[in-house]
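Read the structure below first, then the notes.
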Amino acid sequence: MFHKITYNRKHDFATVHNYGCTFRCPICSYKLKSGADGIPGLSYPKPDKFLTIEEIKSTLLSVNPSSVHFMGGEPTVAGMLPEMLSFVKREMGAETVLGHTNGVNLSIPDLDAANVGLKAWHEDVHLKVTGVEKSRIYGELERAALRGMRVAANMIYIPGLVDVDQLSATARHLSAFRVPFHIMGYIPVPGQPYRRPTIDEMEDARRACREYIPDAEYSYLSPEEVLSLERNDDRFDVKVIAGSGCHRTLMPTAF
């Protein structure tokens, strides 16, 4: 279900974008529809066309990047992902990265790195948000870290749902596996009752997490900044080289 490929010339990486996800999280930022809540342009419509595996391979060969990132939605729902990882790593000699994944499957061969979006620490909250048991996701991440995969994790700070206690507990757990951790400030999704954290709350969350992971950091993007990410981060300064755009990536990869 890959529909678009972008390329960042400065950092020499290509990103293959997937449509669809295994979760149906009500607080997912991809649910920010065009014009909703005063945020124009944030939409996630179904693409008109999907790329064939031959189109993807030929496009990647045309730029020959040093790394290829697979993102979504959730990239692991794409049936052709294992073949693409093998092609990129074994035939192109490039690094393979899940630029953003919910962590449901990190055991795919030929995968070098993954940036996992964790949703909650408390089991009841995890089930409420994702419909999936927490152990399935955390177990995948732990096994990947233990076998030497380069992994990083992030979690969204959502006051009243995913609070500082869950962020710090997650950081404490991840510190045992030497997994980097990033906190993201929630951008309210229309129809959900949760508010955006304040900057002081974000600072408190960072301090709590740094008790376990000294270099834990946070991002606190406004809706306007989300629409122009390339202004402050040149990793977003990309060119579409195959397919057409249909949604924005709301955070950079950690690699």
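Applying the selection to segment 128-172, what residues are closer than 20 Å to residue 23 by Cβ and touching an Asp or Glu at 6+ places or on another chain (Cβ under 9 Å)?
If the condition is that a residue be closer than 20 Å to residue 23 by Cβ and touching an Asp or Glu at 6+ places or on another chain (Cβ under 9 Å), then 133, 134, 135, 157 are the ones that fit.
Condition (residue is within 30 Å of residue 199 (Cβ to Cβ) and of a type in the set (Gly, Ala, Ser)) applied to segment 138-155: is it met by at least one residue?
yes
From the list 206, 178, which residue is on the phi > 0 side of the Ramachandran plot and of a type outside the set (A, V, I, L, M, F, W, C)?
Working: 206 fails: on the phi > 0 side of the Ramachandran plot.
None of the other options fit; the residue is 178.
Could you go through segment 81-92 and let me know if any residue there is in a helix (DSSP H, G or I), more than 19 Å from the chain's Cα centre (by Cα), surrounded by 21 or more Cβ atoms within 10 Å (Cβ to Cβ) and modelled with pLDDT of 95 or more. Walk me through how you get there before you give the answer.
To start, the set of residues in segment 81-92 that are in a helix (DSSP H, G or I) comprises 81-91.
Narrowing the set further to residues that are more than 19 Å from the chain's Cα centre (by Cα) leaves 83, 86-91.
Those still in the list that are surrounded by 21 or more Cβ atoms within 10 Å (Cβ to Cβ) too: 88.
Of the ones still in play, those that are also modelled with pLDDT of 95 or more are 88.
Yes, some residue in segment 81-92 is in a helix (DSSP H, G or I), more than 19 Å from the chain's Cα centre (by Cα), surrounded by 21 or more Cβ atoms within 10 Å (Cβ to Cβ) and modelled with pLDDT of 95 or more.
Of all residues being part of a helix (DSSP H, G or I), touching a residue at least 40 places away in the same chain (Cβ under 8 Å) and among the small types (Gly, Ala, Ser) in segment 142-195, which is surrounded by the most Cβ atoms within 10 Å (Cβ to Cβ)? Just the residue, please.
So, considering only residues that are part of a helix (DSSP H, G or I), touching a residue at least 40 places away in the same chain (Cβ under 8 Å) and among the small types (Gly, Ala, Ser), the one surrounded by the most Cβ atoms within 10 Å (Cβ to Cβ) is 171.
Going through 129, 125 one at a time, which residue ends up being modelled with pLDDT under 95, assigned to a helix (DSSP H, G or I) and crowded, with 17+ Cβ neighbours inside 10 Å? Let's see the steps before the verdict.
On the way: 125 fails: modelled with pLDDT under 95.
Exactly one of 129, 125 is modelled with pLDDT under 95, assigned to a helix (DSSP H, G or I) and crowded, with 17+ Cβ neighbours inside 10 Å, namely 129.
Considering each of 130, 170 in turn, give the residue that is among the β-branched types (Val, Ile, Thr) and closer than 15 Å to residue 101 by Cα.
Values: 170 fails: closer than 15 Å to residue 101 by Cα.
None of the other options fit; the residue is 130.
Conditions tested, residue by residue: (1) closer than 19 Å to residue 24 by Cβ; (2) in contact with a helix residue (DSSP H, G or I) (Cβ under 7 Å, 6 or more places away or on another chain); (3) among the charged types (D, E, K, R); (4) assigned to a helix (DSSP H, G or I).
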| position | (1), (2), (3), (4) |
| --- | --- |
| 49 | no, no, yes, no |
| 70 | no, yes, no, no |
| 97 | no, no, no, no |
| 108 | no, yes, no, no |
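Filtering segment 46-77 down to residues that are loosely packed, with under 12 Cβ neighbours inside 10 Å and over 14 Å from residue 6 (Cα atoms), which residue is farthest from the chain's Cα centre (by Cα)?
Within segment 46-77, the match that is farthest from the chain's Cα centre (by Cα) is 54.
Could you list all residues from segment 106-122 that are more than 18 Å from residue 174 (Cα to Cα) and crowded, with 20+ Cβ neighbours inside 10 Å? So that I can check it myself, show each step before the final result.
Let us first name the residues in segment 106-122 that are more than 18 Å from residue 174 (Cα to Cα), namely 107-112.
Passing the criteria: only 111.
Out of segment 197-216, which residues are in a loop (DSSP other than H, G, I, E, B) and surrounded by fewer than 17 Cβ atoms within 10 Å (Cβ to Cβ)?
Correct list: 198, 211, 214, 215.
When you look at residue 234, is it at pLDDT 95 or above, surrounded by fewer than 19 Cβ atoms within 10 Å (Cβ to Cβ) and at negative phi, yes or no?
Numbers: at pLDDT 95 or above: no; surrounded by fewer than 19 Cβ atoms within 10 Å (Cβ to Cβ): yes; at negative phi: yes.
The answer is no for residue 234.
The values are calculated or read from the model by the stated rules, or taken from the named source; none is laboratory data. Everything numeric here is computed off the predicted structure, so don't read it as measured data. FYI the Cβ positions are ideal-geometry reconstructions off the backbone, even for glycines, and counts take in every protein chain you see.
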